[in-house]
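The structure that follows is given in the form of structure tokens.
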Amino acid sequence: MKRMVSASAAAVSMLLAGTTHAAVVPDYQLNSSWYSNAQNAISARSTSLSADSKAKNIIVFVGDGMGISTQTAARILQGQSQANNQGGEENYLSFEHFPHSGLAKTYNTNQQTPDSAGTMTAMMSGAKTKAGVIGVSDNVNRGDCDVSSERLVSALELAASQHKATGIISTARITHATPAATYAHVSERNWEASVPEECVGKVSDIAYQLIHQAADIDVIMGGGRRNFLPEEVTDPEGSTGRRSDGNNLIEDWQNFHRTGQYVWDSEGFNAIDTSSTSKVLGLFNSSHMEYEADRDDADEPSLSAMTEKAIDILLNDTHQQQQQGFFLMVESGRIDHAHHGGNAARALQDTIEYSNAVQAAIDKLDAAGELDDTLIIVTADHSHVFTMAGYPKRGNPILGLVVGVGSEQPSLAGDNKPYTTLGYANGPGAAASFDAGVRTDLSALDTKQLDFQQQALIPSGSETHAGEDVAVFARGPQAYLIQGAIEQNVIFHAINQAADLGGNAYVAEE
Ligand SMILES: [Zn+2]
């Protein structure tokens, strides 16, 4: 192998130089760890090309707001926390080892920089649509009541009708835009617990759709308990419901699923018998679940724990006697929220836990002998205006001030003040960044503390999404379908083809 590399390099070299001297890669180059590790990475890749078989199981992981800069910074933060780190930059998030990847174009049909409702509808239903609408076509306008003739069938719905077990997990409210696009059809993402008076009788809110009208999803875990309870009801954590129609959707679910398990905290979660339980509804917070950095394991399960539990249930005998594989959607819903708050530390901690959840799924499937039959796609719905700036030296703390090569002192910007590697183009950080047009001096601040808001240029109450592409990683049967720069709605078609879900386009006969 080494000889072939050397020989072809020599041929190229001769052509370029017009000489007969053969270029030979010297030992110090061959033996450098950079050179040999990269060659090993290519060798491993050529033996892990995905089989052309059919995907029995499908898992779609969505890091909400996990742009590529977020991925890079999280990879470094995780690397810097490890015992033998060489700076942190050499680290990989779990899914960055997947053999196939591409870039997804995220725009909505009416918006250059997208929102989660339109992007997740594209990924789940195979067609782009407008920002703010869920599971309906581009013909619908935000706020339309009757969308019955414009519903888009989702990959989860197709999987359920193909007798696959199904699950959805999110650290956000389970009625929030991303998870909702797997099961709901509504023209307004904010109609989580009610619809406007003029729409009553024409369309139901998202929580009602999940319990009464959607495909019967086997495992549902996330936040958003308040959207399932009437206003008069106080939940065990002291929060009141949000429903004005008087429906108690948790009781409705329990009546539909007499042997199902409703759980609302870690104790109930830990007590689920995954070998025999076929239906689970887990609502672990009144609103969104906690950020990973703030989470108390005694109160709420982690994204990894929920992912493992869901896979155990979807693969148990109760399911697999009647069903052929499963479809699972796992969302890390709050990378996005931390970025909107201009708070990199929480966004990165949630991204690291997202990576842990992907690894947990791989380990679980491997132990169950199901890994080779599972198509796993890991992606994001959109990016954020989050950036890594300056020329920090290798190993410089990723949440710290920029310190350059050969220096122990922070690098100074044009205003003679230090600056952080991580920053935002806009957002709430701008308010504290400038006083009468003069940038705040960060010298005395600990920018690595959890609550620190990175500096931002343009003031806005909420930092915004960004419009550049996001990465898509894939492994498993027909994972090679993910490559190059693709429209985001191609992801659905890769799943549809790999798992033969039956959602194929057809030409109408005359
Ligand atoms: Zn967002």
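Please list, or write none, the lysines whose alpha carbon is within less than 23 Å of the alpha carbon of LYS279, excluding same-chain residues fewer than 8 places away.
LYS279 reaches LYS56, LYS164, LYS309, LYS364.
Here is a further query. Please report PHE228, PHE492 as a ranked list, fewest other C-beta atoms within 10 angstrom at the top and most at the bottom.
PHE492, PHE228
I've got another one for you. Which FRET efficiency value, to the nearest 0.05, do you get for GLN322 and GLU487 by plugging their Cβ-Cβ distance into 1/(1 + (r/R0)^6) with R0 = 25 Å?
Between GLN322 and GLU487 the formula returns 0.10.
Quick one: helix 344-367 against the long Cα principal axis of the chain, what's the angle to the nearest 10°, folded into 0 to 90?
Between helix and principal axis, roughly 80 degrees.
Pull out the extension gain between ASP297 and ALA425, defined as 0.36 nm times the separation in residues minus the alpha carbon to alpha carbon distance; nm, one decimal.
Value of the extension gain: 42.7 nm.
Put a dot 7 Å past each Cα toward the Cβ at SER407 and ARG151; how far apart are the dots in nm?
Here the modelled spin labels are 6.1 nm apart.
What whole-number value in cubic angstrom gives the convex hull volume per residue for the C-alpha atoms of segment 392-510?
218 Å³
In degrees, nearest 10, range 0 to 90: what is the angle between the Cα axis of helix 303-314 and the longest Cα principal axis of the chain?
On a 0 to 90 degree scale, this one is about 60.
Which of the aspartates and glutamates could be linked to LYS393 by a straight reach, that is with a Cα gap under 18 Å, when you skip same-chain ones fewer than 8 residues away?
Qualifying aspartates and glutamates at Cα under 18 Å: GLU89, GLU90, GLU408.
Okay, moving on. In whole Å, what is the distance between the alpha-carbon centres of segment 298-324 and segment 82-139?
Using only Cα atoms to place each centre, the spacing works out to 24 Å.
Right, something else. What list do you get for CYS199, CYS145 if you sort them by fewest beta carbons within 10 Å?
Least crowded to most crowded, the residues run CYS145, CYS199.
Working out 0.36 nm times the residue gap between ALA505 and ALA444, then minus their Cα-Cα distance, what length gain in nm do you get to one decimal?
Stretched fully, the ALA505-ALA444 segment lengthens by 15.9 nm.
Based on Cβ point charges of +1 for Lys and Arg and -1 for Asp and Glu, what charge dipole magnitude is obtained for the chain about its Cα centre, in debye rounded to the nearest 20?
For the chain, the charge dipole is close to 1640 debye.
Need one word for segment 204-336: rounded, prolate or oblate. Basis is the Cα gyration tensor (sqrt eigenvalues a ≥ b ≥ c); a/c below 1.5 gives rounded, then a/b vs b/c decides.
oblate
So what is the relative contact order for the chain, in percent, with contacts set as C-alpha pairs under 8 Å and at least six apart?
Once normalised by length, the contact order is 23 percent.
Could you list, bin by bin from short to long, the percent of Cα-Cα pairs of the chain in 10 Å steps?
All Cα pairs considered, the percentages come to 4, 18, 27, 25, 16, 8, 2, 1, 0.
Also, quick follow-up: Work out how much length ASN110 to ASP363 would gain on full extension: take 0.36 nm times their residue separation and subtract the Cα-Cα distance, in nm to one decimal.
The span from ASN110 to ASP363 would gain 87.0 nm if fully extended.
Next question, about the same structure. Could you put THR318, THR109, THR259 in order, starting from the residue whose Cβ has the fewest other Cβ atoms within 10 Å?
THR259, THR109, THR318
Also, quick follow-up: Between SER462 and GLU197, what's the calculated FRET efficiency when r is the beta-carbon distance and R0 is 25 Å? Round to 0.05.
Once the sixth-power term is evaluated, E becomes 0.30.
So, one more: Quick one: Karplus J couplings for segment 112-128, per residue in order, coefficients 6.51, -1.76, 1.60, θ = phi - 60°, nearest Hz, x for Gly and Pro?
Along segment 112-128, the couplings run 5, 9, x, 10, 5, 5, x, 5, 6, 4, 4, 5, 8, 10, x, 9, 6 Hz.
Excluding residues on the same chain fewer than 8 positions from LYS130, give the lysines whose Cα lies under 16 Å from its Cα.
Hits, sequence-local ones excluded: LYS105.
Taking the Cβ of LYS128 as the center, what net charge do the other residues with Cβ under 10 Å away carry, scoring Lys and Arg +1 and Asp and Glu -1?
Net local charge, LYS128 excluded: 0.
How big is segment 111-177 in terms of Cα radius of gyration and Dmax, in angstroms?
Calculated on Cα positions, Rg and Dmax stand at 12.6, 37 Å.
Now, a different point. Separation between the ILE68 and TYR480 pseudo-spin-labels, each 7 Å from Cα along Cα→Cβ, expressed in nm?
2.4 nm
Read-outs: derived from the displayed coordinates by stated rules, not from any lab. Because the structure is predicted, anything quoted here is derived from the model rather than measured. Reconstructed Cβ throughout: ideal geometry from the backbone, glycine too, with neighbour counts over all protein chains shown.
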